[in-house]
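Below is one structure, written out as structure tokens; the observations come after it.
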Amino acid sequence: MPDKLLVAGGVGLVGRAVVEHFEERQDIELVGLSRRRPEFETRATFVSVDLRDPEACMRELAPHRDTTHLVYAAVYEKPDLIRGWREAEHVEANAAMFRNLFEAIESPTLRHVTLLQGTKAYGAHLLGRLPRLPAREREGRVEHANFYFEQEDYLRDRQRARDWSFSILRPQIVLGVAVGGSMNVVAAIGAYAAIQRELGQPFGHPGHENALTECTDARLLARAVEWTAATPDCDGHAFNITNGDVTVWRDLWPRLAEVLEIPAGEPAPARLQDEMPKHAELWRRLAEREGLRCPDLDALIGLSWQFADATWASPVAPERPALVSTIKARQFGFDACIDTEDSLAELLLRMRQQRYLP
């Protein structure tokens, strides 16, 4: 187990879940990195540092060169989220961020690194679909500019002749509690429902009728982080990690409506990134009335309207759903799972309890 765990991107969907997973382990020193202060209670020490600045990394992270375990869940995204994934600047910035951090904290105390990737490793964002189903870790790369590859190649080259090990985790649509992220469908669903209820409108599914995918609860992913770090057989391997089931968004919508206490309504295709920002002032009034923690809708959602639209509105969804195989993780010993409907229901309720949603 870690003596000192450093989590880059510590307030995001994955990073926050990892911090919370290890929170009660008093024998582990927890350090989170983020440009924002955490808005949740934690015993972790948080360091504000711009990972794009190598000098700032060396200066601010000097006290943390005794890190034994690193979880890298930080990411730079461009304002046009989906288009940005294809741009050279996106690749270069993310590759530099990882290098700057790693060179600032690597020392003889380091034992394990967990690197987060996703289905972009299989080229899904280039074609709007996966080239082969289900995607497996053993497949060769679909060659394209991708910061995943830049970070992974750097890590593999750096690891030669060194004692530390590393593992790579590839989740699908990550479900969790976070504020201001780029890919938080839980916050998007909850805010969309609250706005529709305030407008007196039903909560119709806004996406493609047959949109199907897999999801990964961030809490499950945190368990996979612990598992890979504690399992020597995982060293140098990549693992797809999902909840273990598949999700047809339209079919689970009635359950979400029940949890959020709003009529489900008929499917109502819409681009949330176009429609929802129009209701920023309505959200502010709602938040003030209900005592919510984020009266600024943009601060709560970040770029997640764009990601939500991409998640369930793709016209190719019925023909080529983005499915990955998790057989490898199970063969190596990770058999944890969670029902995605239950996961979404629990996380929406958590966001209500923590006053992010009304």
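The values are calculated or read from the model by the stated rules, or taken from the named source; none is laboratory data. All figures in this text were calculated on a predicted structure; none of them were measured in a lab. Backbone-built Cβ (ideal geometry, glycine too); neighbour counts: all protein chains shown.
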- Within region 1-119, strands (runs of 3 or more DSSP E) holding 1 or more residues that are within 17 Å of Val225 (Cα to Cα) and of a type in the set (Ser, Thr, Tyr): 69-72, 112-116
- Considering (1) out of contact with any strand residue (DSSP E or B) (no Cβ under 9 Å at 6 or more places or on another chain); (2) surrounded by 22 or more Cβ atoms within 10 Å (Cβ to Cβ); (3) farther than 19 Å from Glu275 by Cβ, say which one Val259 fails and leave the rest. (2)
- Determine whether region 328-348 contains at least one residue that is under 30 Å from Arg35 (Cβ atoms) and in contact with a Gly (Cβ under 8 Å, 6 or more places away or on another chain). yes
- Identity of the residue in region 59-79, touching a residue at least 40 places away in the same chain (Cβ under 8 Å) and over 26 Å from Glu23 (Cα atoms), that ends up surrounded by the fewest Cβ atoms within 10 Å (Cβ to Cβ): Pro79
- Query: Residues Asn184, Asn100, Asn94, Asn146: which one is touching a residue at least 12 places away in the same chain (Cβ under 8 Å), farther than 30 Å from Asp3 by Cβ and in the same structural domain as Thr68 (by TED's automatic domain parsing)?
  - Reply: Asn146
- Message: Condition first: closer than 30 Å to Asp342 by Cα, at pLDDT below 95, assigned by TED's automatic domain parsing to the domain that holds Gly9 and hydroxyl-bearing (Ser, Thr, Tyr). Can you find one or more residues in region 155-172 that meet it?
- Response: no
- When region 41-58 is checked residue by residue, the ones that are farther than 19 Å from Leu30 by Cβ and free of Cβ contacts under 8 Å to residues at least 24 places away in the same chain are Asp50, Glu55, Ala56
- Matching residues in region 27-58 - criterion: being under 14 Å from Gly9 (Cβ atoms), surrounded by 14 or more Cβ atoms within 10 Å (Cβ to Cβ) and among the small types (Gly, Ala, Ser): Gly32, Ser34, Ala44
- Please state which one of Gly118, Gly204, Gly200, Gly180 is of a type outside the set (S, T, N, Q) and closer than 24 Å to Val324 by Cα. Gly118
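Would you confirm whether or not region 208-216 contains a residue that is in a helix (DSSP H, G or I), surrounded by fewer than 19 Cβ atoms within 10 Å (Cβ to Cβ) and over 19 Å from the mean Cα position of the chain (by Cα)?
No, region 208-216 has no match at all.
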- Looking at region 261-301, which of the residues that are of a type in the set (A, V, I, L, M, F, W, C) and part of a loop (DSSP other than H, G, I, E, B) is nearest to the chain's Cα centre (by Cα)? Cys294
